[in-house]
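Novice: What follows is a single structure, and I will ask about it in a moment.
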Amino acid sequence: MTTEPQLRIEGVSKRYANGKAVLENFSLDIQNEEFVAFIGPRGCGKSTILRLIAGLTPITSGQIQHAGGGDINQRTSYIFQESALLPWRNVESNVGLPLRLRGLKAAAISERIRDVLKLWDINHVSNRFPLQLTPGMKVRTSLARGLITQPRTLLLDEPFAALDAIARNKLSADLMKVRQKRHFTACLVTHSAAEAVFLANRVVVLAANPGRIAEIIDVPESYPRKLEWRETDAFQEAVNQVRNALSRVQEDAKKA
Ligand SMILES: Nc1ncnc2c1ncn2[C@@H]1O[C@H](COP(=O)(O)OP(=O)(O)OP(=O)(O)O)[C@@H](O)[C@H]1O
Ligand SMILES: [Mg+2]
């Protein structure tokens, strides 16, 4: 790990046009190749944090620095909850889109498409259209499209929300494997304490109104983590820590 964080979120506040403070004085350093999970009540500003990091919505005050500076779009990829695939394009064409938009040559694009389809184990569906895909394959396609630009930071906004428990676990384990091959920093929004603990080395528990950091829970288990680790006491203890922190946040909100 370098001394300069991959992402430095410094005193960030966010108000949308209606003037309501969604985030207030939010600060967090995220180191290179960290995996940070954000968890918290509905509407506390989790998606807003990701959108601010990706530069998809302007910061009201404060700043977010990406290591190395440069164009944010070149450095981050955002994976939306709904997969956001274009229905009239097949898998291959959806996945290659970000590189076509950047004007890369066709041969270079084809090679990169092959690589990421293989990475996510979806080469066999490259000609299918989104409507012909299972929910799991849709998510894989969306992840392949996110990684084709080789981002430094991958932003994942409840990427597995549409999946059943078995598919979720399989995709979490595959995301872990992919990260061993492609070394990116990850920020994940999830409502699942178990998913957060399994994937992240830090779980940031947020409180709402305005959105702010309530507690940060370290998950010291080294990578890569296997699915069997979820059966251990250490895993369960970390999940309980996150759930207890969430309960405290909810209790405090009731008192306020
Ligand atoms: N474009 C917008 N204009 C006005 N208000 C917005 C906008 N986007 C989000 N908000 C409001 O900001 C707050 C935080 O929204 P955000 O989507 O970041 O929450 P979240 O934590 O991701 O919620 P969820 O768990 O439901 O996905 C909410 O009160 C929401 O209504
Ligand atoms: Mg959200």
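No value in this document is a laboratory result; all are computed from the given coordinates. A quick note: this is a predicted structure, and the numbers were derived from the prediction, not measured. For neighbour counting, all protein chains shown are included, and Cβ atoms are generated from backbone atoms with ideal geometry for every residue, glycine included.
Novice: Using θ = phi - 60° and the Karplus curve 6.51 cos²θ - 1.76 cosθ + 1.60, what whole-Hz ³J(HN,Hα) does each residue of the range 192-199 get, with Gly and Pro shown as x?
Specialist: 9, 4, 5, 5, 4, 5, 4, 8
Novice: Go ahead and run the numbers for FRET between residue 234 and residue 15, Cβ-Cβ distance against an R0 of 51 Å, rounding to 0.05. Please report the intermediate quantities before stating the final value.
Specialist: Numbers: r = 41 Å, r/R0 = 0.80.
Calculated transfer efficiency: 0.80.
Novice: Just how large is the dipole of the chain about the Cα centre, in debye to the nearest 20, putting +1 at every Lys and Arg Cβ and -1 at every Asp and Glu Cβ?
Specialist: The calculation lands at about 860 debye.
Novice: Which shape class applies to the range 83-151: rounded if a/c is under 1.5, otherwise prolate when a/b exceeds b/c and oblate if not, where a ≥ b ≥ c are the square roots of the Cα gyration tensor eigenvalues? Mind dumping the intermediate values first?
Specialist: Details: a/c = 1.69, a/b = 1.50, b/c = 1.13.
Taking the square roots of the gyration eigenvalues as a ≥ b ≥ c, the range 83-151 is prolate.
Novice: Would you grab the residues whose amide H sits under 5 Å from the one on residue 23? Only those 5+ places off in sequence or on another chain, please, with H modelled 1.01 Å from N.
Specialist: For residue 23, whose amide H was placed from the backbone, the distant partners under 5 Å are 14, 211.
Novice: Continuing with this model, one more query. What list of ³J(HN,Hα) couplings, whole Hz, do you get for the range 62-75 from phi and the Karplus terms 6.51, -1.76, 1.60, once you set θ to phi - 60° and write x for glycine and proline?
Specialist: Each residue's phi maps through the Karplus curve to give x, 8, 10, 10, 9, 4, x, x, x, 6, 4, 4, 7, 9 Hz.
Novice: Rank the residues 231, 158, 33, 82 as a footprinting-exposure proxy: fewest other Cβ atoms within 10 Å of their Cβ go first.
Specialist: 231, 82, 33, 158
Novice: Sticking with this structure for a sec: Starting from the amide H of residue 219, placed 1.01 Å from N in the peptide plane, find each other amide H under 5 Å away whose residue is 5 or more places distant or on another chain.
Specialist: Residues meeting the criterion, in which the H sits 1.01 Å from N, are 202, 203.
Novice: Do the sum for the chain: with -39,500 (n - 2.57) for every DSSP H run of n ≥ 4, divided by all residues, what is the mean residue ellipticity at 222 nm, to the nearest 500 deg cm²/dmol?
Specialist: Theoretical 222 nm ellipticity from helices: -12000 deg cm²/dmol.
Novice: Ranking request for peptides 209-221, 145-157: highest mean number of other beta-carbon atoms within 10 Å first, then the rest in descending order.
Specialist: Working: 209-221: 16.2, 145-157: 21.7.
Going from most to least packed, we get 145-157, 209-221.
Novice: Answer with one residue from 204, 162, 126: the one whose Cα lies farthest towards the positive end of the charge dipole of the range 125-256, charges on Cβ with Lys, Arg +1 and Asp, Glu -1.
Specialist: Farthest towards the positive pole: 126.
Novice: Give, rounded to the nearest 20 debye, the magnitude of the charge dipole that the range 83-151 has about its Cα centre when Lys and Arg contribute +1 at Cβ and Asp and Glu contribute -1 at Cβ.
Specialist: 140
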